[in-house]
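The values are calculated or read from the model by the stated rules, or taken from the named source; none is laboratory data. The structure displayed is predicted, hence computed values, not measured ones. Using ideal geometry, Cβ is built from the backbone for each residue, glycine included, and neighbour counts are taken over all protein chains shown. What goes into the accessible areas is simple: the full protein's heavy atoms, side chains included, and nothing from ligands, DNA or RNA. Shrake-Rupley method; radii C 1.70, N 1.55, O 1.52, S 1.80 Å.
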Amino acid sequence: YEFQMGRTLYFMAGSNIPIKNTLFEVIPSMLVKSDFTFTTGEATVRCRYNKFLSAGVGYRWNDAVYAVLSAEFKGFYIGYSYDYPTSAIAKASSGSHEIFAGYSLKLDLSDKNRHKHKSIRIM
């Protein structure tokens with residue numbers, strides 16, 4: 001048996017936009033996925049307070065709308081998300097809940113960093 005996996009193209013974009021004279025920032029993002037026969041997209045807008053608490057809403061094209069709440073502290077984050085389907089599956093589902101947790105590494109690739117991270121792909 002031979003399995004051939006098709007190519008998939010992902011396009012991602014996002015930004016952190018500080019709101020002047022406040023501790024808030026707006027974080028919009030988008031994702032487009034395509035395997036050249038089927039293309040789908042997703043857009044999210046989050047608002048983050050003091051680089052600690054964030055809340056947002058998003059939309060996945062012809063699939064679902066969702067809301068997300070999360071908290072960050074010293075690189076660790078934990079959060080909750082609720083997806084409500086907008087496709088035909090909504091007749092059988094009232095949505096889904098998700099709890100997530102993770103850790104973000106801060107990579108400093110500048111020449112002045114004495115603990116510079118190196119990628120094995122660049123060697």
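Restrict the check to segment 49-56 and report whether at least one residue is open to solvent by 90 Å² or more (accessible area, probe 1.4 Å), modelled with pLDDT under 95 and closer than 30 Å to ARG7 by Cα. No; the residues of segment 49-56 include none that is open to solvent by 90 Å² or more (accessible area, probe 1.4 Å), modelled with pLDDT under 95 and closer than 30 Å to ARG7 by Cα. Among the residues of segment 6-27, write down those that are aliphatic (A, V, I, L, M), over 18 Å from the mean Cα position of the chain (by Cα) and assigned to a strand (DSSP E or B). Hits for segment 6-27: nothing passes. Scanning segment 28-44 for residues that are more than 10 Å from the chain's Cα centre (by Cα) and in a strand (DSSP E or B) yields a count of 6. Test PHE3 against the criterion of being open to solvent by 90 Å² or more (accessible area, probe 1.4 Å) and not in a loop (DSSP other than H, G, I, E, B), and give yes or no. Here the answer is no, as PHE3 does not meet what is asked. Under the condition of being assigned to a strand (DSSP E or B), out of contact with any Pro (no Cβ under 9 Å at 6 or more places or on another chain), open to solvent by less than 70 Å² (accessible area, probe 1.4 Å) and not acidic (Asp, Glu), the residues counted in segment 57-95 number 11. For segment 1-48, filtering for residues that are hydroxyl-bearing (Ser, Thr, Tyr) and in contact with a Ser or Thr (Cβ under 9 Å, 6 or more places away or on another chain) leaves 7. Considering segment 69-123, the residues that are under 20 Å from TYR49 (Cα atoms) and among the hydroxyl-bearing types (Ser, Thr, Tyr) include one that is modelled with the lowest pLDDT, namely SER104.
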